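Computed from the coordinates by the stated procedures, all read-outs in this text should not be read as laboratory data. This one's a predicted model, so the numbers in the text were calculated from it and none came from an experiment. A quick note on method: Cβ atoms are made from the backbone with ideal geometry, for glycine too, and the neighbour counts reach across all protein chains shown.
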Amino acid sequence: MFYLLIIFFQLIYEISCECVIVPVNIKPTPLVIHSTNQIAYSPAFLKRDENITITCPGNQVLYEGTRMGEVITITCGNFNTFMYGDQELQFHSLACEDIPRNTIRYTGEKCLNGNREIEIGYLIPNYGFLRQILICFDAVYFSPIYSHFNLTSTILTRDSRVPRKFFEESGFYVTYNSLDNLYRRDKERETINQQLELDRWSDKFIKNDDRFINRGHLTSKGDFVYAFQQLATFHYVNSAPQWASFNGGNWNEVEISVRELASTSSKNLEIYTGVYGTMSLPNQRHWRKVPLFLHNIQGKKLLPIPQLFWKLIYDRTSDKGIVIVGVNNIYELNMTEDVVCLDIGDRISWFNRKLQNQKHNIELGYIYACSVNDFCKKTNYCPNLNVNNLLL
């Protein structure tokens, strides 16, 4: 039976295509753009005479160590060979000189409530701009509203050996202190304690374990296949202050579950990830709730610590969607204020077992789920989508 399957797939290959490429196997990986003007994922199947564009924004395409230019177009020939003009090439001998460089810029368009769109992607000579992530950004308080990207069904083939890098401000922040400094644990402790009228070095809330404020990706590094895509997520506009135990706890399990859903269902999904509200804790003198900001210098309250993180998962082919919501407060839960829509989380079949068991653990981040229309109606904080069915 096994040998019959091999023969079957060989016949399909011979009938339907001439070239099969696995871009993730070549390092540094270039952008491989197929005829639909989208990045090709592994494995990609090409017909004879089909063209693909190979590009390394910011550096050069190499073939067996020889520079070919920043952008080249090659054509599928016979039996997994490619033609570049009159030159015959093997795809696996192509690479970039260095990891392709991403570009981040304002689009010039407005988004939710008059905020500004920012896009992260790649400037390709004689081609244009290829977008990876779109962000709706509040340029007054320096807070993202939401990010948007397309999650490929091949996400579990991603390059898992890409080291993390430092976040970049990229010119979008005008503050009295750098964001790198604001996210230092001692600075967080000072900032939070000042707002709550605690002793400057009290560790009541900012502790020396995983109870501190982290840079919480909206669109995660792990949501992309290639190294250049993963590194493009390290812009501060694609992050918001998030408690570390929540970031590495239940929110991480939400992200893992969504990737597994895309893979097991063999569907590309649209993902919106955003924040809502401002987290508050009781002032330690008068006990009234105080909204918290990561920047509180010379009367300038910027970078609000979100009350909620949310993730809208949308399958456009079936018109199904769901919103997963996480409470960004590891010390207390207010069901009236923090659960903003009817919780249908117990009906979701694709949460992994770990998330199913601990989704209501407050210290790991209290998780619930709502219909798209319910969440959007209650918060007025959604992209312009009308989703008619539940992604359960």
- Can you give me the relative contact order of the chain as a percent, contacts being Cα pairs under 8 Å and 6 or more apart? 12 percent
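Report the local net charge at M279: Lys and Arg +1, Asp and Glu -1, summed over other residues whose C-beta lies under 14 Å from its C-beta.
Around M279, the surrounding residues sum to -1.
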- Going by Cβ distance under 4.7 Å, what cysteines of the chain have no possible disulfide partner? C17
- C-alpha center-to-center spacing [segment 49-75, segment 290-309] in angstrom: 46 Å
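For L333 and E168, what is the calculated FRET efficiency with R₀ set at 35 Å and r taken between the beta-carbons, to the nearest 0.05?
The pair L333/E168 has a calculated efficiency of 0.55.
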- Task: Return the subset of K311/K378; K204/K289; K354/K378; K187/K221 for which the Cα-Cα distance in this structure is over 20 Å, preserving the input order.
- Result: K354/K378; K187/K221
- Task: Report, ordered by chain and residue number, the aspartates and glutamates lying within cross-link reach of K207, taken as a straight Cα distance under 15 Å and ignoring same-chain residues fewer than 8 apart.
- Result: D186, E188, E190, D199, E363
- Note on the structure: With 0.36 nm assigned to each residue of separation and the Cα-Cα distance removed, N386 to W201 gains 61.8 nm
- Per residue of the chain, what 222 nm ellipticity follows from adding -39500 (n - 2.57) for every DSSP H run with n ≥ 4, rounded to the nearest 500? -5000 deg cm²/dmol
- Can you spot the aspartates and glutamates whose alpha carbon is less than 17 Å from K47's alpha carbon? Ignore those fewer than 8 places along the same chain. E14, E18, E88
- If you line up the long axis of helix 250-265 against the longest principal axis of the chain, both from Cα atoms, how many degrees apart are they, to the nearest 10? 30 degrees
- Item | Positive-end residue, the chain charge dipole about Cα centroid, Cβ charges, pick of N208, N388, I21 | N208
- Note the angle between two axes, namely the Cα long axis of helix 185-196 and the longest principal axis of the Cα atoms of the chain, as a number of degrees from 0 to 90, rounded to the nearest 10. 40 degrees
- Message: Run the numbers for N283 and R105: contour at 0.36 nm per residue of separation, minus the present Cα-Cα distance, in nm.
- Response: 60.2 nm
- Message: Please list, in order along segment 238-247, the HN-Hα scalar couplings obtained from phi with the Karplus expression 6.51 cos²θ - 1.76 cosθ + 1.60 (θ = phi - 60°), rounded to whole Hz, x for Gly and Pro.
- Response: 9, 8, 8, x, 9, 4, 4, 5, 6, 4
- Query: Can you give me the relative contact order of segment 47-138 as a percent, contacts being Cα pairs under 8 Å and 6 or more apart?
  - Reply: 22 percent
- Stretchable slack from D98 to S265, in nm (0.36 nm times residue separation minus alpha-carbon distance): 56.7 nm
- Query: In nanometres, what is the gap between the two model label sites at T66 and S160, each 7 Å from Cα along Cα-to-Cβ?
  - Reply: 3.8 nm
- Message: Given a Förster distance of 25 Å, report the FRET efficiency between F79 and N37 from their Cβ-Cβ distance, rounded to the nearest 0.05.
- Response: 0.40
- Long-range HN-HN contacts of N283 with modeled amide H, under 5 Å: R288, K289, V290
